Amino acid sequence: MKTTLSVIKADIGSIGGHICPSRQLLDSVRNHIEENAGDLIIDHYLSFTGDDIAILMTHTHGPGHDEIHRLAWDAFLAGTETARRQGLYGAGQDLLKESFSGNVKGMGPAVAELEFEERPNEPFLFFAADKTDPGAYNLPLYLAFADPMNTPGLILAPGMSRGFRFVVMDVGHTEGDRVIELNTPEDLYDLAALLRDPERYVIESVWSRDTGEQAVAASTSRLHNIAGKYTGKDDPVMLVRAQKMFPATGEILAPYAIGHFVAGGMRGSHQMPLMPVGLNSGISYFDGPPVVSCAAFAMHEGRLTEAVDAFAHPFWDEVRNRVAGKAMEMRRQGFVGAAMLPMSELEYTGIMEKLEALQPRFTVRG
Ligand code: F6R
Ligand code: MG
Ligand code: MG
């Protein structure tokens, strides 16, 4: 029997601006799932990261199944009603389409789905990031799956000897999914050449070349490509299977100790370091910093264990302190240069009008 993991995530409203969803909002999403799931799903786990609510479901219907997607969509609609009733900020913000069309892809919510034959033991990780975009996972995935400096398993573990296949999406292409497949180690430099531009090229999935099995599924939606304008950062989710023919959990987590700079933060328009945080954490400094949470699970026949908070260990306190330092250091630079995103990635376009209005006041000296 094949098991499917589906995680569907949306920002449908939050308290105090973009801090976190309300308890009532979470309850209404949870109640909708519990009252309507019937035997459609085997198990589920509801959580939030910053202002985003994620519904992780296990089932046997495969990726892209309309009833699974509808369950999540309707749960978010039910939540949106609560968000409106409570006057939450950005109620229903990520539900960009009026009516459900069979698949939430392209409708606003972020989706990541994995289908596989369960191993006798099945460790996997569920990541959710807020105040950033899908390219935030590029560097951590590259390091975990392609760099033996991070992942000794690439030279030690027999099940990883042939490396991995990366599927990378050109998210700038809006007329369909434009993807490329690259194999590491031989395509390593080509992969790096693409991943250096995380706003354009995003890792969608990673596959074992030893067994052909899928290790990673990440969401790739860019909200501004759906809405035609910026409606918020895309706040990506990701599922990663760990151990044996895949990197160990520790190898997958290690890159998050870097606190690398990602797009996001205040008004979705800045470069800020990515901070690993505990499950169900909110947002604070400068509408950020961008955060990533990780819930670790084991699973048997689709039944989930409790979620274990992978970034709760005291080790990550030191990382968080360093990332806070990096964030404050970058913020001392205000609006100048590297601190703010390039024009094409700004969520607020007021600056374009300002620059336009200034043009006639320029003079060219003779
Ligand atoms: C992502 C997020 C941000 C906001 C952005 C602008 O979760 O909340 O990307 O969309 O900061 O939001 P406003 O204009 O509402 O402050
Ligand atoms: Mg938001
Ligand atoms: Mg968000």
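The values are calculated or read from the model by the stated rules, or taken from the named source; none is laboratory data. Small disclaimer: the values here were computed from a predicted structure and weren't measured. Every residue, glycine as well, gets a Cβ built from its backbone with ideal geometry; the counts of neighbours run over all protein chains shown. Side chains included, ligands, DNA and RNA excluded: accessible areas come from the protein's heavy atoms. Shrake-Rupley method; radii C 1.70, N 1.55, O 1.52, S 1.80 Å.
7 Å from Cα along Cα→Cβ at both residue 356 and residue 254: what's the point-to-point distance in nm?
Rounded to a tenth, the inter-label distance reads 5.0 nm.
Given the convex hull of the Cα atoms of the chain, what is a quarter of its surface area in nm²? All intermediate terms of the calculation are to be shown ahead of the outcome.
Working: hull surface 82.3 nm².
Averaged projected area of the chain's Cα convex hull equals 20.6 nm².
Just to confirm a number: summing +1 for Lys and Arg and -1 for Asp and Glu over residues other than residue 216 whose beta-carbon lies under 9 angstrom from that of residue 216, what do you get? Before the final figure, lay out each step's value.
Numbers: positive: 241; negative: 204.
Its environment carries a net charge of 0.
When the convex hull of the Cα atoms of the stretch 258-366 is projected onto a plane and the area is averaged over all directions, what value comes out in nm²? Walk me through the numbers before you get to the answer.
Working: hull surface 41.6 nm².
Reported value for the Cα convex hull: 10.4 nm².
Of all the accessible heavy-atom surface of the stretch 2-344, with the other protein chains kept in place and a 1.4 Å probe, what percent is carbon and sulfur?
Details: 7260 of 13910 Å².
After summing per-atom areas, the C and S share lands at 52 percent.
First measure r as the distance between the Cβ atoms of residue 181 and residue 211, then evaluate 1/(1 + (r/R0)^6) with R0 = 25 Å and state the FRET efficiency to the nearest 0.05. If you can, show how the numbers build up before the last one.
Working: r = 16 Å, r/R0 = 0.66.
Rounded to the nearest 0.05, the efficiency is 0.90.
Among all lysine pairs in the stretch 2-344 that are eight or more places apart or on different chains, how many have alpha carbons less than 23 angstrom apart?
Counting lysine pairs in the stretch 2-344 gives 18.
Where the centre of each part is set by its Cα atoms, how far does the stretch 347-365 sit from the stretch 294-315, in angstrom?
51 Å
Quick one: plug the Kirkwood hydrodynamic radius of the stretch 35-77 (C-alpha pairs) into Stokes-Einstein at 10 °C, 1.306 mPa s, and report D in µm²/s.
Numbers: Rh = 11.1 Å.
Stokes-Einstein gives a translational diffusion coefficient of 143 µm²/s.
What's the center-to-center distance, using Cα atoms, between the stretch 99-132 and the stretch 17-64 in Å?
If we compute the Cα centre of each part, the gap is 12 Å.
Give me the dipole magnitude in Debye, nearest 20, for the chain about the Cα centre, with unit charges on the beta carbon: positive for Lys and Arg, negative for Asp and Glu. Mind dumping the intermediate values first?
Values: 32 positive and 48 negative charges, 251 e Å.
Dipole size: approximately 1200 debye.
Using a 7 Å offset from the Cα along the Cα-to-Cβ direction at both residue 364 and residue 74, what is the distance between the two label points in nm, to one decimal?
6.4 nm
Would you mind counting up the charge near residue 53? Only other residues with Cβ under 10 Å from its Cβ, with Lys and Arg at +1 and Asp and Glu at -1. It would help to have the intermediate numbers written out before the result.
Working: positive: 9, 30; negative: 11, 51, 52, 94.
Combined, the nearby Lys, Arg, Asp and Glu give -2.
Figure the gain on full extension for residue 343 and residue 118 (residue separation times 0.36 nm, minus the Cα-Cα span) and round it to one decimal in nm.
Working: separation 225, 0.36 × 225 = 81.00 nm, distance 4.52 nm.
My answer for the length gained is 76.5 nm.
Give the residue from 189, 270, 22 lying farthest towards the positive end of the charge dipole for the chain; charges sit on Cβ (+1 for Lys and Arg, -1 for Asp and Glu) and the dipole is referred to the Cα centre.
Towards the positive end, the residue furthest out is 270.
In nm, give the distance between the simple-model label positions of residue 328 and residue 101, each being 7 Å from the Cα along the Cα-to-Cβ direction.
4.7 nm
Determine the dipole magnitude for the stretch 171-225: charges of +1 sit on the beta-carbon of Lys and Arg, -1 on that of Asp and Glu, nothing else is charged, the reference point is the Cα centre, and the result goes in debye to the nearest 20. Mind showing how you got there, number by number?
Values: 5 positive and 11 negative charges, 47 e Å.
It comes to approximately 220 debye.
Towards the positive end of the charge dipole of the stretch 2-344, with charges on Cβ (+1 Lys, Arg; -1 Asp, Glu), say which of 215, 110, 201 has the farthest Cα.
Working it through, the farthest residue towards the positive pole turns out to be 201.
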